[in-house]
Amino acid sequence: MFSINVPILTASLALASTVIADCSRAALLSASTSYLTSQSSGQLQPLLAPTFTYTENNKTVAFNTSILSQPLTITHNHTLLDPLTCATFTELVITDPKSPYLIGAQTHYTNTSIGSLQISTIDAVITSPGDWQFNATKSLSLILSENWSPLPSSLQSSRTALLAAANAYLDLWGPSNVTAAAANVPWGEPCDRMEGSAYTGNGTATDRCDVGIPATVQPPNVDRRYVVDEVMGSVI
């Protein structure tokens, strides 16, 4: 993604063309803030790279007809940062009674010739009224009860460990021996799992996330695309 002497102008242009994008946490957070501001007005075009692609609910969609091309009144947002892949994951909650949505968007960035970030890909999952367990207001209340403070470095898991945990969880879909697959998941306790507005937690020290996991063989979950934020202890 990211030669001297004859003539000097040529050398300058060559150097400019190889500028590396700043994918630090600070740069990604700044880019995400610009995205959120533009999303509120529905004017994302200035942020998009010439080769921009958009996926909505696992289908390639023309961005100018998509939900994200519209102005959205964002009630809540939360962003995870992945400097290694120059990507972010942003959770958006829109509780507008006329058009409520729950949106999760992986946003991937590329560099420009001057080293700034442009959006190369948005991969969004969007739910709205009529979808399973959809209730934006209830989901918001559950989300706001969560603590998303950065983890002390001594408590942060490695990228490898986070990816292994995510893969073990998604491996619950597809194996012939579901019980054995469940034993490979590093379940924490207490642990709360949220799906739409459904929640496994009761606020107790014994809350579990293995409630309602597949008990029979299910189609495998094979198309996995991750954003990993070690500082927040998250992979999504």
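The values are calculated or read from the model by the stated rules, or taken from the named source; none is laboratory data. As the structure is a computational prediction, the values presented were derived from the model and not from experiment. Glycine gets a Cβ as well: all are built from the backbone with ideal geometry, and neighbour counts include every protein chain shown.
Restricting attention to the stretch 170-197, the residues being under 17 Å from ALA215 (Cβ atoms) and under 22 Å from the mean Cα position of the chain (by Cα) number 8. Restricted to the stretch 22-73, and to residues there that are within 30 Å of ASN221 (Cα to Cα) and β-branched (Val, Ile, Thr), the residue that is nearest to the chain's Cα centre (by Cα) is THR55.
Looking only at the stretch 202-214, residues that are under 21 Å from ALA168 (Cα atoms) and either of a type in the set (A, V, I, L, M, F, W, C) or modelled with pLDDT under 90 (or both) come to 5 in all. Residues of the stretch 112-126 include at least one that is of a type in the set (D, E, K, R), farther than 21 Å from LEU142 by Cβ and touching a Lys or Arg at 6+ places or on another chain (Cβ under 7 Å). Can you tell me which residue in the stretch 135-173 is surrounded by the fewest Cβ atoms within 10 Å (Cβ to Cβ), limited to those that are closer than 19 Å to GLY201 by Cβ and aromatic (Phe, Trp, Tyr)? Restricting to residues being closer than 19 Å to GLY201 by Cβ and aromatic (Phe, Trp, Tyr), the top hit is TRP148.
Conditions (1) of a type in the set (A, V, I, L, M); (2) at pLDDT 95 or above; (3) closer than 22 Å to THR85 by Cα, marked per residue:
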position	(1), (2), (3)
VAL6	yes, no, no
SER17	no, no, yes
ILE20	yes, no, yes
SER30	no, yes, yes
SER38	no, yes, no
THR51	no, no, yes
TYR54	no, yes, yes
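Check LEU155, LEU163 and return the single one that is in contact with a Phe, Trp or Tyr (Cβ under 8 Å, 6 or more places away or on another chain), of a type in the set (A, V, I, L, M) and outside the structural domain of VAL93 (by TED's automatic domain parsing). Lay out the reasoning, then the answer.
Working: LEU155 fails: in contact with a Phe, Trp or Tyr (Cβ under 8 Å, 6 or more places away or on another chain).
So the residue among LEU155, LEU163 that is in contact with a Phe, Trp or Tyr (Cβ under 8 Å, 6 or more places away or on another chain), of a type in the set (A, V, I, L, M) and outside the structural domain of VAL93 (by TED's automatic domain parsing) is LEU163.
Which of the residues spanning the stretch 94-115 are within 24 Å of ARG225 (Cα to Cα) and of a type in the set (Gly, Ala, Ser)? Those that are within 24 Å of ARG225 (Cα to Cα) and of a type in the set (Gly, Ala, Ser): GLY104, ALA105.
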